[in-house]
Amino acid sequence: MKRLILLAVVTAFIFGNIAAQDGTTVVLLNHNTLEKKVEKSNEQIEHQKKKLKDKTWRQRGEIFQDVNNQGLEQLQIGIDETTLKIFYNEPESVEEIENGQILHYETINYFFENGRLRGWTRNDPIHPNPLDEALRSFKKAVELTEEDKKMKTQERIEENLVELKSQFQREGQNKYYHEQFYAALDKFESVLEVTNSFTIFDGDVDTLMINYCGIVAREIGYNHLQEGEDEKAEKMYRKAIDYYDKLTDLNYGGSSNYVQMTRDYYAIGDTLGAIENLKKGLEQYPDSTLLVTVTAQAYYLLGENDKGLEFVNDRLQKRPQDATAYYWKGLLITNEEDVEEETIEQALAYYDTSLMYDPANASVYYQSGYVNYAVGANYFEQESYEEDADLREDLNSKGVKYYEQSVDKLEKAYELSSDDLTIRKESLDLLKRIYYKLYGSEDEHYIRTDQRLKEL
């Protein structure tokens, strides 16, 4: 399964060299000691007096943070095997996997791919969800504090809470690596819960985590969709939309958020939601050519040409030099099974106007070239069936005219599309057909185009 690099690797810290240079002695958390601390903490929260003290719960939160950190206290996702072994010595065994290895230790197993740490699993864990218990404990500590001292308690555990958010994020990345997507989403959402649960974080916004939550929710929705679980898929896609809607409210991510939400609406068949979402996007980002494209494309794909034309005409009234709107106007007026030549000429004129305002747009050059080619090919086909010599000559003349117009557009599309292999290939393919029809296979234009096509 294709992985999201954004979630798979955040950064790699090379602790080994630092420790080696300054001679620092690293004290690692001991699994057995932590088990005993947990047992003692369990007894304290059942004790009639101790369970009512905020200190009991603060210490419990710290203990469970350590439980999560055991075996990870000197690591970050992305480090290499050598660095890991500096702190944790040689593994008990090594298991080969695709693109990497699993290093097995007594209480934890480290997964490496291409020489970098990607995730881990635990053997007989002390607690199934230590971070959740840590968060619950810190909340309880604040709850038990007198009202006028709550902020002081939060300040006392602020460093713990900041670290807790990092731990939740790290654990989410680990769950994502193991394709436990619901668990990954839960951990990323827990980062947001920490921020929202303590007044000391008032004003803080975890935009990165909101983004992560949207990405993972979408992936879960897609997986449900592939399994035919439409109701579950819709629930998760709408959750993804909600997260991206939050990002738009925060002015984070720009117009691309609306494009992504539109795709999510399409995924669950909510075309009305997609259109309304795009309208909202254009209100916030009126100069976004991307949103104009996606909105016009939505009407085009739905076959709602009149509404689409109403949209682009309104756009052109407000922005008469909008190249993207002219392009889509040309597409929309020809979005029918049978199109009159007069309408085609009008569409070609719109493409030319679009190119006047955006002369480096390879896509528009290609579309104009393709339409000219298609019209020309139609005339040549009619010529092949026509028996009257004069009519054949007229049809041939028209076909040649459109082919020659197509050549200029397609050559320009090829020239401008150095970063778009599809346009380059399609342009050359059409040019090869045109040159063959006009000049034959021995002509230098045909030979040169054929060679360019082979070199792609």
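The numbers here are math on the coordinates, done by the rules we state, and not lab data. All values derive from a computational prediction rather than experimental measurement. All Cβ positions, glycine included, derive from the backbone under ideal geometry; neighbour counts span all protein chains shown.
Under a crude label model (7 Å from the Cα following the beta-carbon direction), how far is residue 389 from residue 116 in nanometres?
Result: 7.4 nm between the two label points.
Place +1 on the Cβ of every Lys and Arg and -1 on the Cβ of every Asp and Glu in the range 360-456, take the dipole about the Cα centre, and give the residue among 451, 406, 369 whose Cα lies farthest towards its positive end.
451
Explain nothing, just compute: Karplus ³J(HN,Hα) = 6.51 cos²θ - 1.76 cosθ + 1.60, θ = phi - 60°, for every residue of the range 346-362 in order, whole Hz, x for Gly and Pro.
My calculation for the range 346-362 gives 5, 4, 4, 5, 5, 4, 5, 5, 4, 5, 5, 8, 9, x, 10, 8, 5 Hz in order.
Compare the peptides 237-246, 135-144 by average per-residue count of other Cβ atoms within 10 angstrom and give them in order, highest first.
Peptide ranking by packing, descending: 237-246, 135-144.
Assign unit charges at the C-beta atoms only (+1 for Lys and Arg, -1 for Asp and Glu), then state the dipole size of the chain relative to its Cα centre in Debye, rounded to the nearest 20.
2680 debye
Which angle between 0 and 90 degrees, to the nearest 10, do you get for helix 305-318 versus the longest principal axis of the chain when only C-alpha atoms count?
The angle comes out near 80 degrees.
Expressed as an acute angle from 0 to 90° and rounded to the nearest 10, what is the orientation of the C-alpha long axis of helix 181-197 relative to the principal long axis of the chain?
That helix lies at roughly 70 degrees to the long axis.
Plugging the Kirkwood radius over Cα pairs into Stokes-Einstein for the chain, at a temperature of 10 °C and a viscosity of 1.306 mPa s, what D comes out in µm²/s?
In µm²/s, the coefficient is 58.
Kindly flag which residue pairs out of 280/318; 307/437; 239/329; 187/232; 152/175; 37/175 have an alpha-carbon separation exceeding 28 Å in this structure.
The answer is 307/437; 239/329; 152/175.
Would you compute, from DSSP H runs of 4+ residues alone, the mean residue ellipticity of the chain at 222 nm, taking -39500 (n - 2.57) per run and dividing by the full residue count, rounded to the nearest 500?
Roughly -22500 deg cm²/dmol at 222 nm, from the helical runs in the chain.
When Lys and Arg each count +1 and Asp and Glu each count -1, what net charge do the other residues less than 15 Å away from residue 275, Cβ to Cβ, add up to?
For residues surrounding residue 275, the net value is -3.
Give me the net charge of residue 82's neighbourhood, meaning all other residues with Cβ under 15 Å from the Cβ of residue 82; Lys, Arg count +1, Asp, Glu -1.
Overall, the nearby charge balance is -1.
What distance in nm separates the simple spin-label points at residue 419 and residue 360, each placed 7 Å from Cα in the Cβ direction?
Using points 7 Å along Cα→Cβ, the separation is 0.9 nm.
When a/c reaches 1.5 or more, the comparison of a/b and b/c decides; with that in mind, is the range 276-324 rounded, prolate or oblate per its Cα gyration tensor?
oblate
By how many nm would the segment from residue 349 to residue 305 lengthen if fully extended, with 0.36 nm per residue of separation less the alpha-carbon distance?
14.0 nm
At a 10 Å Cβ-Cβ cut-off, how would you order 295, 121, fewest neighbours first?
Neighbour counts put them in this order, fewest first: 121, 295.
For the pairs 50/165; 36/165; 55/149; 279/412; 40/149, note any where the Cα-Cα span goes beyond 22 Å.
In this structure, 50/165; 36/165; 279/412; 40/149 lie more than 22 Å apart at Cα.
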